[in-house]
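Just below is one structure, and these are the notes that go with it.
The values are calculated or read from the model by the stated rules, or taken from the named source; none is laboratory data. Everything numeric here is computed off the predicted structure, so don't read it as measured data. Every residue, glycine among them, receives a Cβ derived from its backbone with ideal geometry; neighbour counts consider all protein chains shown.
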Amino acid sequence: MRFDVITLFPAQFAALTEEGVVARALQRQLAQIHLHTPRDYTTDVHRTVDDRPYGGGPGMVMRYTPLRLAIEAAQAEAAAEGVQSRVAYLSPQGERLDQRQIERISAAPGWVLVAGRYEGVDERLIEDCVDEEWSIGDYVLSGGELAAMVVMDAAIRLLPGVLGHADSARQDSHSSGLLDCPHYTRPETIGDRSVPEVLLSGDHQAIERWRLQQALGRTRQRRPDLLQGRGISEVEQRLLDDYLLEAAR
Ligand SMILES: NC(=O)c1ccc(NCc2ccccc2N2CCOCC2)nc1
């Protein structure tokens, strides 16, 4: 899969491209990230990418033409590799993303991500060039770059071969529609707390059962809304009832 990012701050993306799971995926060519700055698509001597807002008010707005030219150049590069990339704009006004949306994004061949700065972009750019508008959450960032990196990290890690362990459908948080279970590692005892016995038992069926029970219980207690959307089987309901009885003790 291929990401092309339109950004005024390409150096920020070192956070993804220099180290970690995504950097290794890029090195292994399991994904690609290409960066394009609108500044390269200006024609004036000052390389102007922003201007004052019509109607007055604080701040600046990103100009239409450099963004459009950068988007079209990115799409042409992707098309030259046979990838038809749709355009997404990261903004507080966008559709809220969740793991389902990330799975859909990850399944596409490529995306052009537009990272806004200043007060945002000229609305006509959104009308003419943007296919989807996404938000990573109901809060305001100083630029779209971090939001773009969040989306790329979440999507790239789902690609086959990226995450080490074999079971790519690993029950990590939100992929099973549940919150994650607790995790433990050495030392076995820290102060007066030891690791739950079942995890030391070697009984893999009991361990798997315990982990599901913990995931169900924690989801019920912290994010009951997730259980609404997911539904729950009879076996799971029994596990959950036991968990809640224990928690109430
Ligand atoms: N929730 C998100 O996904 C998210 C995404 C981007 C973002 N900021 C970049 C931005 C992009 C578009 C429009 C305005 C802005 N902003 C520019 C700076 O001023 C505030 C408005 N913030 C939060």
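Can you work out which of the residues in the stretch 192-249 that are assigned to a loop (DSSP other than H, G, I, E, B) and of a type in the set (D, E, K, R) is farthest from residue 176 (Cα to Cα)?
Here the residue is 192.
So the check is Cβ under 8 Å with 6+ separation or different chains; which pairs have a first residue in the stretch 134-156 that's closer than 15 Å to residue 88 by Cβ and a second one that's within 6 Å of the ligand (Cβ to nearest atom) and assigned to a helix (DSSP H, G or I)?
Once the first residue is closer than 15 Å to residue 88 by Cβ and sits in the stretch 134-156, its partners that are within 6 Å of the ligand (Cβ to nearest atom) and assigned to a helix (DSSP H, G or I) give 134/147; 135/147; 136/147.
Can you name every residue in the stretch 78-122 that is in a loop (DSSP other than H, G, I, E, B), in contact with an Asp or Glu (Cβ under 8 Å, 6 or more places away or on another chain) and more than 9 Å from the ligand (Cβ to nearest atom)?
Listed by number, the list holds a single entry, 85.
With the structure loaded, tell me whether residue 150 is over 30 Å from residue 55 (Cβ atoms), of a type outside the set (S, T, N, Q), in a helix (DSSP H, G or I) and more than 14 Å from the ligand (Cβ to nearest atom) or whether it fails that test.
No: the conditions fail for residue 150.
Any residue that is more than 16 Å from the ligand (Cβ to nearest atom), within 18 Å of the chain's Cα centre (by Cα) and loosely packed, with under 12 Cβ neighbours inside 10 Å - is there at least one of those in the stretch 7-14?
yes
Looking only at residues in the stretch 126-147 that are within 11 Å of the ligand (Cβ to nearest atom) and assigned to a helix (DSSP H, G or I), which one is farthest from the chain's Cα centre (by Cα)? Even if it seems obvious, please write down each step before you answer.
Step one: list which residues in the stretch 126-147 are within 11 Å of the ligand (Cβ to nearest atom), which gives 126, 130, 133-147.
Within this subset, residues satisfying the condition of being assigned to a helix (DSSP H, G or I) are 126, 145-147.
On the way: 126: 21, 145: 12, 146: 10, 147: 8 Å.
This residue is 126.
Kindly check whether there is at least one residue in the stretch 153-164 that is more than 9 Å from the ligand (Cβ to nearest atom), farther than 30 Å from residue 55 by Cα, modelled with pLDDT under 95 and small (Gly, Ala, Ser).
Yes; the residues of the stretch 153-164 include at least one that is more than 9 Å from the ligand (Cβ to nearest atom), farther than 30 Å from residue 55 by Cα, modelled with pLDDT under 95 and small (Gly, Ala, Ser).
Every residue in the stretch 8-66 that is in contact with a Lys or Arg (Cβ under 6 Å, 6 or more places away or on another chain) and part of a helix (DSSP H, G or I), please.
21, 39, 64
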